[in-house]
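Heads up, the thing below is written out as structure tokens.
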Amino acid sequence: MQARAVLERFGFAFAIGVPTLLTRLLASSGVALEHLDERMLAADEPADALLAAADVILKQTEVEHPVIVLVPGNPLVLNSLSRFLLAEGTKRKLTVQRVAGVSQLDVIVNELGIDIAAHGLQVFDAVGVGRGRSVPRPTMPAVLLRVADLLENHAASMSDLRQTLGPIYPSGHPITLFNIDPVGDSSSFATAPLSDVDEFAAHIHVGSSFYLSPAST
């Protein structure tokens, strides 16, 4: 509620990884979003993608206050852009505040019973993994967000994801498709061998993520 109140008060935010449904919901409350996803996806390297988004955001701080960025993540598991903005904002003597909402990641961790304290958790963008830019460590649990982008011609596909993960995990390792209903508050999940991940394509939407449990050592 606090995060939404901030957005409605100022009426504009930069956005990364925000589903269409949330964009429409915020628009109905008078909040406009400038999406930086395409700018990041156009970069060839992960570091370049981060800097492409950060450059826009930090330049805006020179002419306007406050600058609001709506990103997926969690106060315990920040993405690279959030960490960079926190560090760079402090370096520039800007006041940086994190306002947390209930994220997709919170729901996944709760519903699947992932013990972050005991095992840690890796969080990746599914397209980045599909393109081979990010590779999970098989000894730790991993969540892949924005799975629907694999079906939208962002230079990576379901088969690309399978080919990236196949050599890392044992044959037959389970992968779980976790879906949050985009028009409600329910969730569901299904598990299949990683080799059959392509069969999930018909059931993927903007509320979809993948979960990979640790591989046995």
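A few notes on this one:
- Scalar couplings 3J(HN,Hα) for the range 201-206, obtained by applying the Karplus form with A = 6.51, B = -1.76, C = 1.60 to θ = phi - 60°, are 3, 5, 10, 9, 8, 5 Hz; x denotes Gly and Pro.
- Candidates 151, 96, 195 compared by Cα position along the dipole of the range 84-217: farthest toward the positive end lies 96, with charges placed on Cβ.
- Around the amide H of residue 208, modelled in the peptide plane, lie the amide H atoms of 147, 148, 180, all under 5 Å away and 5 or more residues distant in sequence or on another chain.
- Using the rule -39500 (n - 2.57) for each DSSP H run of four or more residues, divided by the residues of the chain, the 222 nm mean residue ellipticity is -9500 deg cm²/dmol.
- Computed over protein heavy atoms with a 1.4 angstrom probe, the accessible surface ordering of 186, 157, 28, largest first, is 28, 186, 157.
- Entry comment: accessible area of the chain is 55 Å² per residue, from protein heavy atoms only and a probe of 1.4 Å.
- Percent RCO, i.e. relative contact order, over the chain, from Cα pairs under 8 Å lying at least 6 residues apart: 16
- Electrostatic dipole magnitude of the chain [Cβ: Lys, Arg +1; Asp, Glu -1; Cα centre; debye, to 20]: 660
- Here's how it looks for residue 169: its modeled amide H is under 5 Å from none belonging to a residue 5 or more places away or on a different chain.
- Backbone HN-Hα couplings from phi across the range 105-118 [Karplus 6.51/-1.76/1.60, Hz, Gly and Pro as x]: 5, 4, 5, 4, 4, 5, 5, 8, x, 6, 8, 5, 4, 7
- For residue 122, distant residues with modelled amide H under 5 Å away: 142, 143
- Whole-Hz couplings from phi, Karplus 6.51/-1.76/1.60, listed for the range 128-144; x for Gly and Pro: x, 5, x, 7, x, 6, 10, 10, x, 8, x, 7, 10, x, 9, 10, 10
- Fraction of accessible area attributable to carbon and sulfur, the chain (%, probe 1.4 Å): 53
- Residue 169 - accessible surface, heavy atoms, 1.4 Å probe, Å² rounded to 10: 10
The values are calculated or read from the model by the stated rules, or taken from the named source; none is laboratory data. Everything numeric in this text was worked out from a predicted model, so none of it was measured. Don't worry about glycine lacking a Cβ; one is built from the backbone with ideal geometry, like all the others, and counts go over all protein chains shown. Accessible surface areas use protein heavy atoms only, side chains included; no ligands, DNA or RNA. Shrake-Rupley method; radii C 1.70, N 1.55, O 1.52, S 1.80 Å.
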